[in-house]
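Have a look at the structure below, then the notes.
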Amino acid sequence: MSETNRIEYKRELTSELDIEKEVVAFLNYKEGGYIYIGIDKDGSTVGVNDVDDCMLRLKDRIKHNISPSAMGLFDIAEEQKDGCSIIKVTVASGIEKPYFKTKYGMTPRGAYIRVGTSAEPMPQEQIDRLFAMRTRNSIGRIVSNRQDLSFEQLRIYYDERGKRLNDNFKRTLELLTDDGKYNYVAYLLADENGNSIKVAKYSSLDRCDLVENNEYGYCSLIKATKSVLSKLDIENKVAATITPMERIETPLWNKVALREAVINAIVHNDYSFEVPPKFEIFPDRLEITSAGRLPESLTREEFFNGISIPRNKELMRIYRDVELVESLGSGIPRILRAYGEDCFKFTDNFIRITLPISAHEGTKSALSRHQDGTKSVLDIEDIDKLLIFCEEVRTIAEMLSYMNYSDRTKFRKKYIYPLLDAEIIQMTIPNKPNSRNQKYQLTAKGLELIEHLKGHN
């Protein structure tokens, strides 16, 4: 794979390598990008000898040499390629453009933008324009209406992960404004605040018959998040399904997608509205509503393709520290895999995710048979046919042609997503679900199912 507008290769991290320039260019680029350490310009793998040391130096340089702060906007992870260890740096597009190398300030020597496969100096005119447009309602810039804040809960969550907060944590975690006052991030994470997240439950399909109204808040946002996750986990009752091979217990909502949707709504909520996210349970669905529209520079297509522009980078960084968030841009693809794009609704002021209870009926019907041995109504024969065809690695185009299907979107919803969710098939490139080189192959569970099918034919 060669370098692209979103992929940069570096053979090794040296003191002469201007890694800050590459990171700044991706921060200022609307789609962000990836930097691989341990891969030569021609795409050949050379590897990294001391991965831990290299990752530490990378984090230190990005943290201290770039302004505004890039914390919460990048991930550093080790990967394996061609039998060698390499390092992948994921950089999200930032909302506080222009980003620049601190040493040179907001000048063409400090600010860069991605142009094709290279980082190019940003013209001064563009720098000035971006600075004039810089978001002013960032919660990191809003002064907390309370300054008598304590953070014992936050200390506990860091201690649980073996990460002790030092005396300078308020500055390190960006809980202070430029003039040293507590900001709205600090307010949200403090032991006591006025923020409360509601989880409502209705017996009707509309909002007329309220049967439960729970509030989780007035405490650290992390504690409130954990309480919401626990409540929805209790509500996520399990339904049993009998398959030819085993009894499968299926929750009302996909557990992975549910967790990601909750975290996404809380971390990316626009708290400048002073409106927390809301969770509403209906007999047929779960609705999750968060304040704020898509960032101005992010289109719906880019959003669905996994491009991440964190609204609250400070919260993102802290949620990653306490392991509530795994990595940048990982949440939306997991939601899409289970429920598709139709579960998202965008307005000028809100984003709503709807997780229907019936979302997995396709999975359950397609992969199950009745206890009396008859086939379920929904395309068991087609599923069997498709799985046998997928004994060899296949592209979605090959599957469409074989199944005589023309609508790619409907095919994904009807077959691909349920089979992925049931862990019958898997992607050959799981970290890039929308790659044009994506193919699908049977899992061990899928191969076992194939043997069962052949034995009964």
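The values are calculated or read from the model by the stated rules, or taken from the named source; none is laboratory data. Here the structure is a predicted model, which means the values were calculated and not measured. For neighbour counting, all protein chains shown are included, and Cβ atoms are generated from backbone atoms with ideal geometry for every residue, glycine included.
Filtering region 296-320 down to residues that are at pLDDT 90 or above and buried (at least 19 other Cβ atoms within 10 Å of the Cβ), which residue is nearest to the chain's Cα centre (by Cα)? Across region 296-320, the extreme among qualifying residues is MET316. Taking the criterion of being touching a strand residue (DSSP E or B) at 6+ places or on another chain (Cβ under 6 Å), modelled with pLDDT of 90 or more and outside any helix (DSSP H, G or I), the residues of region 231-257 that qualify are ASN236, TRP253.
Selection of region 401-431 for residues being of a type outside the set (A, V, I, L, M, F, W, C), assigned to a loop (DSSP other than H, G, I, E, B) and either modelled with pLDDT under 85 or crowded, with 20+ Cβ neighbours inside 10 Å (or both) yields GLU423, ASN431. Could you go through region 6-23 and let me know if any residue there is among the charged types (D, E, K, R), at negative phi, in contact with a helix residue (DSSP H, G or I) (Cβ under 6 Å, 6 or more places away or on another chain) and crowded, with 17+ Cβ neighbours inside 10 Å. Within region 6-23, one or more residues are among the charged types (D, E, K, R), at negative phi, in contact with a helix residue (DSSP H, G or I) (Cβ under 6 Å, 6 or more places away or on another chain) and crowded, with 17+ Cβ neighbours inside 10 Å.
Of all residues in region 422-453, which are under 25 Å from PHE303 (Cβ atoms), polar (S, T, N, Q) and in contact (Cβ under 8 Å) with a residue 12 or more places away in the chain? Let's see the steps before the verdict.
Initially, region 422-453 is screened for residues under 25 Å from PHE303 (Cβ atoms), giving 426-440.
Next, only the ones that are polar (S, T, N, Q) stay: 426, 428, 431, 434-435, 437-438.
Selection gives GLN426, THR428, ASN434, GLN438.
Scanning region 51-74 for residues that are more than 23 Å from LEU324 (Cβ to Cβ), buried (at least 20 other Cβ atoms within 10 Å of the Cβ) and touching a Ser or Thr at 6+ places or on another chain (Cβ under 7 Å) yields one hit, ILE66. When region 192-230 is filtered for residues that are crowded, with 19+ Cβ neighbours inside 10 Å, within 23 Å of the chain's Cα centre (by Cα), outside any loop (DSSP other than H, G, I, E, B) and not β-branched (Val, Ile, Thr), the ones remaining, listed by number, are LEU221, ALA224.
Where in region 294-350 are there helices (runs of 4 or more DSSP H), lying fully within it, with 2 or more residues that are more than 19 Å from VAL228 (Cβ to Cβ) and in contact (Cβ under 8 Å) with a residue 60 or more places away in the chain? Outline the logic, then answer.
Working: elements: 300-304, 313-321, 331-339.
Answer list for region 294-350: 313-321, 331-339.
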